[in-house]
1. Might you check whether a residue that is in a strand (DSSP E or B), out of contact with any His (no Cβ under 9 Å at 6 or more places or on another chain) and not aliphatic (A, V, I, L, M) occurs anywhere in the stretch B:161-170?
2. Inspect the stretch B:251-267 for any residue being in a loop (DSSP other than H, G, I, E, B), touching a Leu at 6+ places or on another chain (Cβ under 7 Å), among the acidic types (Asp, Glu) and under 19 Å from B:Trp526 (Cα atoms) and give the result as yes or no.
3. What residue, among those in the stretch B:242-263 that are in contact with a Pro (Cβ under 9 Å, 6 or more places away or on another chain) and of a type in the set (A, V, I, L, M, F, W, C), is nearest to the other protein chains (Cβ to nearest Cβ)?
4. Does the stretch B:183-191 include one or more residues that are of a type outside the set (A, V, I, L, M) and within 26 Å of B:Trp93 (Cα to Cα)?
5. In the list B:Arg228, B:Arg301, B:Arg274, which residue meets the criterion of being surrounded by fewer than 19 Cβ atoms within 10 Å (Cβ to Cβ), more than 25 Å from the chain's Cα centre (by Cα) and within 14 Å of another protein chain (Cβ to nearest Cβ)?
6. What is the residue count in the stretch A:76-96 for residues that are in contact (Cβ under 8 Å) with a residue 60 or more places away in the chain, part of a helix (DSSP H, G or I), facing chain B (nearest Cβ under 8 Å) and of a type outside the set (Lys, Arg)?
7. What number goes with the only condition from (1) touching a strand residue (DSSP E or B) at 6+ places or on another chain (Cβ under 7 Å); (2) more than 8 Å from chain B (Cβ to nearest Cβ); (3) of a type outside the set (Lys, Arg) that A:Ser127 does not pass?
8. Report, by residue number, each residue of the stretch A:116-131 that is outside any loop (DSSP other than H, G, I, E, B) and either without any contact (Cβ under 8 Å) to a residue 12 or more places away in the chain or surrounded by fewer than 22 Cβ atoms within 10 Å (Cβ to Cβ) (or both).
Amino acid sequence: MLEYVAKRLLLTIPTVVTITLVVFLMLHAVPGDPAIIFAGDKNVTPEQLAVVRLEMGLDRPIMVQYIDYLSRILVLNLGRSLYSRIPVTHEIGNRVSSSAELAVAAFALASVLGILLGVVSALWRSSWVDVAAMSFAIVGVSMPIFWLASMLIFVFAIMLGWFPVTGAGGLNRLVLPALALGMISSATLARLVRSSVLEILSQPYVTTARSKGLREIVILTRHVLKNAFIPVITVMGLQFGTLLSGAVITETVFARPGLGKLLVDAILIKDFPVIQAVILIVSLIYVLMNLLVDVSYAFLDPRIRFD
Amino acid sequence: MSRGMTRRRFLGAAGAGLGAAALSPFLRTLPRPEAVLAQSTDTLIYGMASPFDTLDVTTTTSSYVGRMGLHIVDPLVWSVKAGEYAPSLATSWTVSPDATAYTFTLREDVKFHDGTPLNAEAVKVTFDRIVDPATKAQTAFSFIGPYDRSEVLGTHQVRVRFKRPYAAFLNAASTPYLGIISPTALRRYGQDFGPVVFVSTGPFSIQSYQSGQEITLIRNINYNWASRVHKHNGPPYLQRLVFRIITEPSTRMATLETGETHFIEDVPPTDLERVKRNPRINVIEVPQAGSGWSVMFNQQRPPTNELAVRRAFQLTIDKEGLAKSVWSGVHKPACSPLTPNLFGFDPETCKKYPRNVDQARRVLDEAGWQMGPDGVRVKGGQKLQVNYYFRTENPKLREMTAFIQAQMKPVGVDVQLIGQAGPAYFQSVRTGLHHVQYWWDTGTDPGQMLRILYHSSNAGGGSNRNNYRNAEMDTLIDQIGAEGNPQKRRELLIKAQQKALDEQIMIFLTDPPSLFAHQRTVSDIWVDWGGLYPYFYDTRIAR
């Protein structure tokens with residue numbers, strides 16, 4: 001197992017290097033002169049552009065620039081935002097913890113709710129439980145998140161006064177955003193879990209287990225769920241990345257700082273150092289999630305370790 | 001190891017991974033001026049509508065920084081009402097007859113938040129920095145006008161010289177954007193001055209700042225140089241003033257209703273009636289100074305280069321209906337490039353070209369635009385089609401455009417809606433792809449407003465997206481900028497407004513009010529006559 005984990009870990013190195021290369025090349029790939037992008041929208045003289053090029057090292061060979069970029073990443077020097085002139089590491093640092101907090105809470109909620117509903121509706125297939133759970137899932141999948149978020153604010157903050165509307169920090173400020181974000185992903189997950197569990201339930205080894213006289217609960221936990229979870233975990237891994245970086249609407253409605261909002265705002269104003277840094281970090285998180293997903297496969301299905 | 005990791009250990013490892021991602025190798029404590037600590041009293045939480053670029057009022061592009069920054073700086077003078085000023089950092093001032101030199105005598109007891117005493121040199125440093133191209137100052141740069149240099153006449157006397165007559169400088173000096181900054185702090189913090197620290201002389205100083213989220217100001221306990229415009233002198237009554245950025249209007253409204261904020265800006269017009277009925281909330285509604293929502297016609301591109309086409313819009317659009325249906329009746333129909341509360345506003349502009357749809361049809365007929373079979377007018381094989389560019393970020397713009405499209409259709413004008421997001425939009429209108437686009441601006445100097453809209457130096461990619469170039473108008477605007485005599489200035493302003501209307505360079509749709517709302521427990525909020533700056537120096541919160 002350890003050997004497998006080490007192997008997977010080593011394999012992430014080329015991925016990470018590729019990511020840094022792509023992020024680095026982004027600036028050179030977009031149409032237009034990078035120096036002009038950095039100089040902003042104002043009219044600049046050729047002399048000013050030359051200064052910008054010199055400052056950014058754009059006059060040097062591209063490989064040298066890349067190595068320079070890598071060495072700056074290693075010491076966490078990601079430059080300054082073109083818009084606010086704040087160091088990018090500081091801009092991101094301000095938001096990473098609040099994004100992570102929201103993503104973890106929403107992920108936990110989505111997982112518990114999604115798995116529970118999925119399993120229950122698969123076990124009691126075609127009963128009223130199934131109909132109710134899957135109706136919830138359909139409503140959840142189709143519900144626009146901004147609407148759900150506004151409704152949660154209206155009911156739980158304005159009418160009942162249980163939770164504050166905005167902000168980050170503190171569990172009570174996390175509840176509503178996590179509910180909004182988590183409920184919608186739980187719906188997707190519930191549908192997936194249901195179909196996956198149903199498929200496993202029809203497998204011959206489940207029949208065998210039953211005929212051996214194993215208790216239902218043991219069959220469910222040891223044989224059904226473990227096997228049904230391989231596709232589910234893949235989706236969960238991807239969803240965590242989305243929850244972390246794609247919570248723009250939730251962050252906007254609840255006025256929470258976050259990576260997703262930072263990225264979208266930066267794209268709207270072409271704030272390149274910020275765009276590059278956020279994409280780099282989000283990609284690294286995806287790499288990490290993929291690694292965890294791969295490791296969990298091996299845990300769930302020993303055959304995978306020996307491939 | 002047969003089973004490898006147990007489930008618990010697997011989850012533990014996953015948790016540690018997440019923790020590591022959340023952990024903050026990025027968090028870095030930034031240097032900030034010594035926090036002024038005092039006995040804790042009240043904190044006012046302000047729901048701010050927009051994130052902003054920098055803490056430095058002298059370099060920002062954002063009017064939201066101006067609102068916040070007014071608490072951190074002191075202007076040289078306070079504007080009591082249009083054209084009338086009261087002492088602030090400057091105890092007295094004289095203006096040369098040709099309005100090219102302003103001599104200010106400064107208070108001698110003022111200290112910056114870092115303890116540096118305020119003197120004439122600080123004024124010079126501040127102003128010189130604004131015009132230095134390396135500073136990339138924006139709003140302040142336009143306010144400082146034709147600045148030439150500052151002369152330090154004594155420790156507390158400074159003369160500000162301009163290259164051309166600049167009659168509106170006192171107005172500029174009354175805005176937060178020309179607030180005086182600490183030269184010591186500027187040297188000490190270098191690149192971080194503005195992005196993360198800002199040191200000035202105002203009643204509040206910065207305690208903490210999380211960009212895009214929240215900024216906390218703390219009262220300046222040494223503050224003892226309030227202008228007589230305000231109700232008291234000494235430190236502010238509030239202990240802290242927290243500006244929390246809440247961009248979503250309905251969320252901002254909700255925070256006021258739940259009591260999470262004490263005060264919010266930019267109340268959504270659609271919520272106004274409901275808020276007014278709330279017994280715990282008070283609404284402040286002040287007509288906004290500047291130039292209201294208007295339509296700019298690209299004068300370089302056919303068919304909007306034709307006076308007849310532009311006039312047809314003026315005669316057709318029901319401004320009253322637009323104010324009612326799109327802005328819930330909160331806005332007032334507009335007449336002139338200047339809002340009615342600005343100095344020199346010409347009330348005659350409201351009567352000059354009143355709505356008359358039949359006349360609009362006649363004007364187009366006479367100009368040779370014949371009604372085509374599909375209900376769109378044609379001239380020389382060309383359809384009367386105009387491309388209406390607007391930003392999609394603000395849903396109100398789409399509503400206004402759809403309203404105008406529906407009104408122009410029966411007259412035979414085909415209005416194409418072209419909604420674009422920020423960068424694409426600016427690219428389009430700066431290169432002049434549009435026939436029509438919106439404008440809205442705030443400001444208290446009428447001359448500056450006209451310069452932004454009509455001066456040829458702002459055409460071709462700048463703020464004059466009418467791309468209007470007219471030597472006579474340029475001269476008028478320059479004269480207005482130089483004229484110190486109020487009576488003569490008024491005459492020139494009226495002439496310019498009449499000219500703008502006669503040539504139908506733009507259409508003025510609605511004049512918005514500034515809408516603020518606050519908990520009734522909050523008292524003594526000062527708002528300037530232009531509705532631009534709510535100010536909390538005298539403010540108290542009742543328990």
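1. Quick first cut of the stretch B:161-170, residues in a strand (DSSP E or B) only: B:161-162.
Right, trim to out of contact with any His (no Cβ under 9 Å at 6 or more places or on another chain) and you get B:161-162.
After this cut, where a residue has to be not aliphatic (A, V, I, L, M) as well, the list is B:161-162.
There is at least one residue in the stretch B:161-170 that is in a strand (DSSP E or B), out of contact with any His (no Cβ under 9 Å at 6 or more places or on another chain) and not aliphatic (A, V, I, L, M).
2. Step one: filter the stretch B:251-267 for residues in a loop (DSSP other than H, G, I, E, B), giving B:259-262, B:265-267.
Add one more test, that the residue is touching a Leu at 6+ places or on another chain (Cβ under 7 Å), and what stays is B:262, B:266-267.
Still in the list and also among the acidic types (Asp, Glu): B:266.
Then keep just the ones that are under 19 Å from B:Trp526 (Cα atoms); that gives B:266.
Yes, the conditions are met somewhere in the stretch B:251-267.
3. Start the filter on the stretch B:242-263 by keeping residues that are in contact with a Pro (Cβ under 9 Å, 6 or more places away or on another chain), which leaves B:245, B:247, B:249-250, B:252-253, B:255, B:258, B:260, B:263.
Still in the running and of a type in the set (A, V, I, L, M, F, W, C): B:245, B:253, B:263.
Working: B:Ile245: 7, B:Met253: 9, B:Phe263: 14 Å.
In this case the residue turns out to be B:Ile245.
4. yes
5. Working: B:Arg228 fails: within 14 Å of another protein chain (Cβ to nearest Cβ); B:Arg301 fails: within 14 Å of another protein chain (Cβ to nearest Cβ).
Only one candidate passes the filter, namely B:Arg274.
6. Residues flagged as in contact (Cβ under 8 Å) with a residue 60 or more places away in the chain, part of a helix (DSSP H, G or I), facing chain B (nearest Cβ under 8 Å) and of a type outside the set (Lys, Arg) within the stretch A:76-96 amount to 5.
7. (1)
8. So in the stretch A:116-131, the residues outside any loop (DSSP other than H, G, I, E, B) come out as A:116-123, A:128-131.
If the condition is that a residue be outside any loop (DSSP other than H, G, I, E, B) and either without any contact (Cβ under 8 Å) to a residue 12 or more places away in the chain or surrounded by fewer than 22 Cβ atoms within 10 Å (Cβ to Cβ) (or both), then A:Leu116, A:Val119, A:Val120, A:Leu123, A:Trp128, A:Val129, A:Asp130, A:Val131 are the ones that fit.
The values are calculated or read from the model by the stated rules, or taken from the named source; none is laboratory data. All values reported here derive from a predicted model rather than from experimental measurement. Every residue, glycine as well, gets a Cβ built from its backbone with ideal geometry; the counts of neighbours run over all protein chains shown.
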